[in-house]
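Read through the structure below, which is laid out as structure tokens, and then see the notes.
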Amino acid sequence: APPDYPHDRALAELVRTLRALGPLAAEYGLTVVLEPLNRRECNLVNSLTAGAQIVHATGHPNIQWMADSYHIGMEDENSEDLDFHRDLIHHVHVAEWDARTCPGVVGDDFRPYLSVLRRMGYFHRISIECRWGDLAAEAPIGTRTLRQMLHDVGY
């Protein structure tokens, strides 16, 4: 939202837009997924709880949200909080916290995050969303690292 725009009004407009998109998404067999972003990138939806509240306010099953390990880390949120919103999570991103690198570049441990997802029964997509330095070199490392961590937590 623009800096001088009322926050409550911007949230209401977002909910109204998502409510309108829900039936349209359903008509085409799609799901619209809201991604909470950290405060350095967005001034509207910054936390797991805020994202869940907006999705609940839409009241439509084709409006869901996603969890991104990078934004969760940037907002100092606890991955255990994902469990409170298990019914709304439709997609997951992973990236290392320091420089948003691919898993395995710096060595962040995603097992606690992945363990929560596994325990809550999340079996949808998990994708790497990072800043690639050298895609050809990092993609195999990231894929191997993420697969190993998924295996370690019982996926």
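Which ones in the range 59-91 are modelled with pLDDT of 95 or more and among the aliphatic types (A, V, I, L, M)?
Within the range 59-91, ILE63 is the sole residue that qualifies.
If I ask for residues that are aromatic (Phe, Trp, Tyr) and under 27 Å from MET120 (Cα atoms), which ones from the range 132-155 would you list?
The answer is TYR155, and nothing else.
Do you know which residues across the range 1-49 are under 22 Å from GLU77 (Cβ atoms) and open to solvent by 70 Å² or more (accessible area, probe 1.4 Å)?
Those that are under 22 Å from GLU77 (Cβ atoms) and open to solvent by 70 Å² or more (accessible area, probe 1.4 Å): HIS7, ARG39, ARG40, GLU41, ASN43.
Can you find even one residue in the range 25-32 that is in contact with a His (Cβ under 6 Å, 6 or more places away or on another chain), touching a residue at least 40 places away in the same chain (Cβ under 8 Å) and outside any loop (DSSP other than H, G, I, E, B)?
Scanning the range 25-32 turns up no residue that is in contact with a His (Cβ under 6 Å, 6 or more places away or on another chain), touching a residue at least 40 places away in the same chain (Cβ under 8 Å) and outside any loop (DSSP other than H, G, I, E, B).
Do you know which residues across the range 102-112 are touching a helix residue (DSSP H, G or I) at 6+ places or on another chain (Cβ under 9 Å) and open to solvent by 10 Å² or more (accessible area, probe 1.4 Å)?
If the condition is that a residue be touching a helix residue (DSSP H, G or I) at 6+ places or on another chain (Cβ under 9 Å) and open to solvent by 10 Å² or more (accessible area, probe 1.4 Å), then GLY104, VAL105, GLY107, ASP108, ASP109, ARG111, PRO112 are the ones that fit.
On the basis of being open to solvent by less than 40 Å² (accessible area, probe 1.4 Å), touching a residue at least 12 places away in the same chain (Cβ under 8 Å) and either among the aromatic types (Phe, Trp, Tyr) or on the phi < 0 side of the Ramachandran plot (or both), does VAL94 make the cut?
Judged against the criteria, VAL94 is a match.
I'd like the full set of residues that are free of Cβ contacts under 8 Å to residues at least 40 places away in the same chain, part of a loop (DSSP other than H, G, I, E, B) and touching a Pro at 6+ places or on another chain (Cβ under 9 Å), limited to the range 33-76.
CYS42, VAL45, ASN46, SER47, GLU75
What number of residues in the range 97-121 are in a loop (DSSP other than H, G, I, E, B) and in contact (Cβ under 8 Å) with a residue 40 or more places away in the chain?
Count: 5.
The values are calculated or read from the model by the stated rules, or taken from the named source; none is laboratory data. Model, not experiment: these values are computed from the prediction. With ideal geometry, Cβ positions are generated from the backbone for all residues, glycine too; neighbour counts draw on all protein chains shown. Remember, those area values only see protein heavy atoms, side chains included, never the ligands or the DNA or RNA. Shrake-Rupley method; radii C 1.70, N 1.55, O 1.52, S 1.80 Å.
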